[in-house]
Amino acid sequence: MDRTTERRTTGEGCPVARLGRLREEGPVVPFDDTPMGPAMLVTRHDDVHAALLDPRLRSDPAAVPGAGRGIAGVFATLGFPDELAHLGRGLLVRDGEDHTRLRRLVSRAFTVRRVRELRPRIEALTDGLLDDIAAAGADGTPVDLVAALCHPLPIAVICELVGVPEESREVWRALARLLVAPDPARMPAAAHAVHDQVHELIAARRADPADDLVSALVAVHDDGDRLDSDELAVLLFDLVLAGFETTAHVLSRAALVLLTRPEQLAVLRDEPERWPVAVHEIVRTCGAVPMSTPRFAAADLDIGGTTVPAGSTVVAGLVTANFDPRRHDRPEEFDVTRDPGRGEGHLGFGQGAHYCLGAALARTELEIGLRALVTRFPALRLAEVVEGPADLGFVRADAVEVRVDALPAHHHSAGMGGVGQDVRCDP
């Protein structure tokens with residue numbers, strides 16, 4: 001069956017419009033739609049930027065009297081077994097020197113130089129997946145880009161970088177699926193499978209090192225302090241899951257957005273040198289993370305003129321910031337020629353100490369994957385005509401079914417999925 005399906009994961013209605021209404025209510029608003037319960041949502045770009053840099057907003061709730069459970073509460077809701085609760089003690093819930101020490105150990109694998117060295121391998125992986133798509137769709141059979149490219153590419157890249165062997169990757173895929181579509185009854189078995197595999201991998205690399213991140217972390221000493229197995233397990237758990245699920249989402253959403261905005265796709269086909277800059281616009285408008293992980297106010301704060309009491313749970317609205325008209329001209333238009341100015345021109349990767357460790361890798365995967373896709377298949381189009389452009393923002397695409405065979409002579413451009421570049425959302 002031809003299908004292009006989307007699942008909204010931040011409440012009913014397009015998140016750009018819905019969260020945009022909250023942005024206009026005020027710089028900080030009460031917000032209950034979070035996995036960790038009620039919070040205060042910072043909505044406007046400059047305030048979001050400042051909040052992400054403010055050391056008084058802690059990531060570790062244990063350091064703030066009266067704070068909520070944060071990510072630990074999310075894990076419990078998902079059905080994580082209590083005995084594996086330590087897997088929730090990764091980089092995202094650490095502050096200060098503790099966070100800096102662990103981040104320093106893994107950051108060497110994600111430097112711009114290291115990512116540049118990975119480009120040929122990412123290109124080869126992409127070409128192999130596109131070969132499979134070409135074979136599957138040669139007779140006009142629809143191909144699901146999510147299953148055929150958007151998920152396999154980033155998981156292959158991060159697993160090769162970290163050192164997860166091919167035969168072991170399905171347990172990671174299974175756990176990732178439960179993080180997206182929770183099933184508390186199935187979560188304990190999936191979490192234990194990943195936990196056991198991580199420790200087996202650590203033991204194997206201690207006995208027989210390889211050229212991968214696991215081996216490097218096993219061998220590393222940081223001021224004489226060797227990482228123990230639990231710390232290693234937490235870091236690897238963080239890196240693998242964060243390293244592919246978010247990129248897979250952006251790849252899927254970006255493919256759908258481009259295929260329903262043929263004039264934007266035409267610009268990139270005619271001027272491929274625009275791809276590196278276009279990726280910034282893709283992350284701004286198709287970001288995988290609608291808001292930051294929770295922060296906890298260690299003192300009474302003033303954010304945009306609003307008092308935030310000590311102990312409050314605070315989330316920074318990355319989507320609301322990226323579509324803030326105070327910061328962006330025509331923010332709800334997708335424009336691959338948009339000049340991001342200094343820096344990236346968005347907060348899609350966060351800011352400050354918890355800026356996305358894999359940002360350079362994600363940008364490279366997006367550029368290589370999308371560019372190769374639309375170059376390899378000049379007749380690429382959605383399997384079903386979609387009226388108007390697809391939504392921007394955090395709207396998960398469960399499937400993006402396309403045809404890649406040559407267009408019939410009578411085909412009209414409307415079959416590409418519609419024309420337009422503005423956000424189209426039900427209010």
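The values are calculated or read from the model by the stated rules, or taken from the named source; none is laboratory data. Fair warning: this is a prediction, and the values are worked out from it, not measured in the lab. Here Cβ is always computed from backbone atoms with ideal geometry, including for glycine, and neighbour counts include all displayed protein chains.
Take the conditions (1) surrounded by 19 or more Cβ atoms within 10 Å (Cβ to Cβ); (2) within 16 Å of residue 54 (Cα to Cα); (3) of a type in the set (Val, Ile, Thr); residue 307 misses just one of them, which is (1).
Would a scan of region 366-384 turn up a residue that is closer than 15 Å to residue 286 by Cβ and modelled with pLDDT under 95? There is no residue in region 366-384 that is closer than 15 Å to residue 286 by Cβ and modelled with pLDDT under 95.
Here is the figure for region 375-405: residues that are in contact with an Asp or Glu (Cβ under 8 Å, 6 or more places away or on another chain), surrounded by fewer than 18 Cβ atoms within 10 Å (Cβ to Cβ) and part of a loop (DSSP other than H, G, I, E, B) total 3.
Whenever a residue of region 127-147 is surrounded by 12 or more Cβ atoms within 10 Å (Cβ to Cβ), its partners that are assigned to a loop (DSSP other than H, G, I, E, B) and of a type in the set (A, V, I, L, M), lying with C-beta atoms within less than 7 angstrom and at least six residues away or across chains, give the pairs 133/404; 134/404; 137/404; 142/383; 143/404.
Look through 119, 114 and report the one residue that is of a type outside the set (Val, Ile, Thr), under 15 Å from residue 369 (Cβ atoms) and in a helix (DSSP H, G or I). Spell out the reasoning first.
Values: 114 fails: under 15 Å from residue 369 (Cβ atoms).
On inspection, the qualifying residue turns out to be 119.
Of all residues in region 37-53, those being in a loop (DSSP other than H, G, I, E, B) and surrounded by fewer than 20 Cβ atoms within 10 Å (Cβ to Cβ) number 2.
Can you say whether residue 281 is surrounded by fewer than 16 Cβ atoms within 10 Å (Cβ to Cβ), modelled with pLDDT of 95 or more, among the acidic types (Asp, Glu) and not in a loop (DSSP other than H, G, I, E, B), as far as the supplied structure shows? Answer is no for this residue.
Are there any pairs with C-beta distances below 6 angstrom linking a residue in region 99-124 that is surrounded by fewer than 19 Cβ atoms within 10 Å (Cβ to Cβ) to a residue that is among the small types (Gly, Ala, Ser), with the two at least 6 apart or on different chains, and if so which? Here the result reads 112/360, each pair linking region 99-124 to a residue that is among the small types (Gly, Ala, Ser). Taking region 168-185 as the range and being touching a residue at least 40 places away in the same chain (Cβ under 8 Å) and among the β-branched types (Val, Ile, Thr) as the test, only 180 passes.
Just checking, how many residues over region 165-208 are over 16 Å from residue 229 (Cβ atoms) and among the aliphatic types (A, V, I, L, M)? Quick ask: steps written out before the conclusion?
If we filter region 165-208 for residues that are over 16 Å from residue 229 (Cβ atoms), which is where we start, we get 165-191, 193, 208.
Subset that is among the aliphatic types (A, V, I, L, M): 171, 174-176, 178-181, 185, 187, 189-191, 193.
Summing the residues that are over 16 Å from residue 229 (Cβ atoms) and among the aliphatic types (A, V, I, L, M) in region 165-208 gives 14.
Listed conditions (1) within 19 Å of residue 352 (Cα to Cα); (2) touching a Lys or Arg at 6+ places or on another chain (Cβ under 9 Å); (3) without any contact (Cβ under 8 Å) to a residue 60 or more places away in the chain are all met by residue 91, apart from (3).
So is residue 248 small (Gly, Ala, Ser) and free of Cβ contacts under 8 Å to residues at least 60 places away in the same chain or not? Answer is no for this residue.
Give me the residue from region 186-214 that is free of Cβ contacts under 8 Å to residues at least 12 places away in the same chain and assigned to a helix (DSSP H, G or I) and, out of that set, farthest from residue 232 (Cα to Cα).
Of region 186-214, the ones free of Cβ contacts under 8 Å to residues at least 12 places away in the same chain are 189, 196, 200, 203-204, 207-209, 211.
Filter once more, keeping what is assigned to a helix (DSSP H, G or I): 189, 196, 200, 203-204, 207.
Values: 189: 21, 196: 13, 200: 12, 203: 11, 204: 13, 207: 16 Å.
Per the criteria, the residue is 189.
Report yes if some residue within region 134-143 is among the aliphatic types (A, V, I, L, M), in contact with a Gly (Cβ under 8 Å, 6 or more places away or on another chain) and modelled with pLDDT of 95 or more; otherwise report no. The answer is yes; a qualifying residue exists.
Quick one: which residue in 132, 183 is farther than 17 Å from residue 217 by Cβ and assigned to a loop (DSSP other than H, G, I, E, B)? Give the derivation first.
Numbers: 132 fails: assigned to a loop (DSSP other than H, G, I, E, B).
That would be 183, the only listed residue that is farther than 17 Å from residue 217 by Cβ and assigned to a loop (DSSP other than H, G, I, E, B).
Can you tell me which residues in region 330-351 are charged (D, E, K, R) and assigned to a loop (DSSP other than H, G, I, E, B)? Correct list: 330, 332, 335, 338, 339, 342, 344.
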